[in-house]
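Comments concern the structure below.
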Amino acid sequence: MDIVSFSKAAKVEREVKQARDSFATLDGRLDAVSTGNVVSVRLKTELPTIGEAGRLYLVRQDSSNQNTSTTYTYSGGEYVKVGGDRVSNHTDNGAVNINGTKTMIYSHPDTHSADIIIDGSTKVIMTSQEREKLLNIEIEANHYIHPDTHSADMIIDGATHVSMTLSERKRLSVIDPWDAISDLVDYTDVVTYFAFDMQGRVIRQVVTDNYTEQVVTEPLLTMPISTDGYTQNDSFLVISVGEVHRLDGQVFVQLPTLVDVIYQYDDEGRLDSKSITRMAATPIQTNFKYIYDSLGNRIAVKKY
């Protein structure tokens, strides 16, 4: 079959049947089965007496061509069978040259229903439900303005900054940064060394006199095995034993301890107990035990 593929012919044949069921006259049927510029009839005798130039005519049972489907054009007052050697491409989309004449095979309508459009691989058609949803979205709906105030519950911890919980605030509210120092205010001309845990809480505090020059360096858990890296008068707190040592020449010398304070914390991170030892001929140790209610509020301190 030339020009019109078998699938096209089958489609046209279905339309012919539909037209035959709906229209009483041949003209009505022809109008109904016209697809673009293609007209389909069953027999050659059913062709219009006078055809139209530029239109294709499909005879499905052509007696002059062994009752096979044959395509004709109307030219020079007669129907001319379309042959493959007389058909060539035309520069216009949807048109071919047939016997030297421009013939429109298909002309896309100016308008048509969106229902015949299907989704592509990169672009899709909008449904009526999607349009309805879009119409209900306010203008600049994706334009976000951070509120002046909002609940802290929506803040999550970052890599370097964290949010405080309510229980942490309660614990913080009962921690007195001057709690231990207030017990040492009677001392003057002293140097106070501090040691902290991984949470930044004070775990030990040692007071020594200020009569010897000291260059305070970071505290150590245990005594260093050598003096390498230290210079004259470098001093540090040894956390495990509560001693302060200073480099004097080639050796470390222990400085006198006036007060040693040890802090302990419970599983909730609250200060659980504190012991203060004042050095003398007979050291005097004072202990404190902190008591909290179910909400984490400090309600009592035992001293013994």
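When we screen 163, 128, 121, 167 for residues that are of a type in the set (Ser, Thr, Tyr), at negative phi and in contact (Cβ under 8 Å) with a residue 24 or more places away in the chain, the only hit is 167. Among the residues of region 286-296, those identified as of a type in the set (S, T, N, Q) and either closer than 14 Å to residue 205 by Cβ or surrounded by 13 or more Cβ atoms within 10 Å (Cβ to Cβ) (or both) are 286, 287. If you go through region 267-280 and pick out every residue that is charged (D, E, K, R), closer than 16 Å to residue 169 by Cα and open to solvent by less than 60 Å² (accessible area, probe 1.4 Å), you end up with 1. Scanning region 74-95 turns up one or more residues that are within 25 Å of residue 60 (Cβ to Cβ), touching a Gly at 6+ places or on another chain (Cβ under 7 Å), at pLDDT 85 or above and open to solvent by less than 100 Å² (accessible area, probe 1.4 Å).
State yes or no: is residue 228 surrounded by 14 or more Cβ atoms within 10 Å (Cβ to Cβ) and farther than 25 Å from residue 273 by Cα?
For residue 228, the condition - surrounded by 14 or more Cβ atoms within 10 Å (Cβ to Cβ) and farther than 25 Å from residue 273 by Cα - is not met.
Among the residues of region 269-304, those identified as over 44 Å from the mean Cα position of the chain (by Cα) and among the polar types (S, T, N, Q) are 273, 275, 277, 282, 285, 286, 287.
Quick check, is residue 200 closer than 30 Å to residue 168 by Cβ, open to solvent by 40 Å² or more (accessible area, probe 1.4 Å) and not hydrophobic (A, V, I, L, M, F, W, C)? For residue 200, the condition - closer than 30 Å to residue 168 by Cβ, open to solvent by 40 Å² or more (accessible area, probe 1.4 Å) and not hydrophobic (A, V, I, L, M, F, W, C) - is met. Just one of the listed residues (236, 252) is assigned to a strand (DSSP E or B), within 51 Å of the chain's Cα centre (by Cα), modelled with pLDDT of 90 or more and more than 27 Å from residue 168 (Cα to Cα), namely 236. Regarding region 176-196, can at least one residue be identified that is surrounded by fewer than 13 Cβ atoms within 10 Å (Cβ to Cβ) and either touching a helix residue (DSSP H, G or I) at 6+ places or on another chain (Cβ under 8 Å) or modelled with pLDDT of 95 or more (or both)? The answer is yes; a qualifying residue exists.
The values are calculated or read from the model by the stated rules, or taken from the named source; none is laboratory data. Nothing here was measured: the structure is a model prediction, and the numbers come from that model. Every residue, glycine as well, gets a Cβ built from its backbone with ideal geometry; the counts of neighbours run over all protein chains shown. Please note that ligands, DNA and RNA were not included when accessible areas were found on the heavy atoms of the full protein model with its side chains. Shrake-Rupley method; radii C 1.70, N 1.55, O 1.52, S 1.80 Å.
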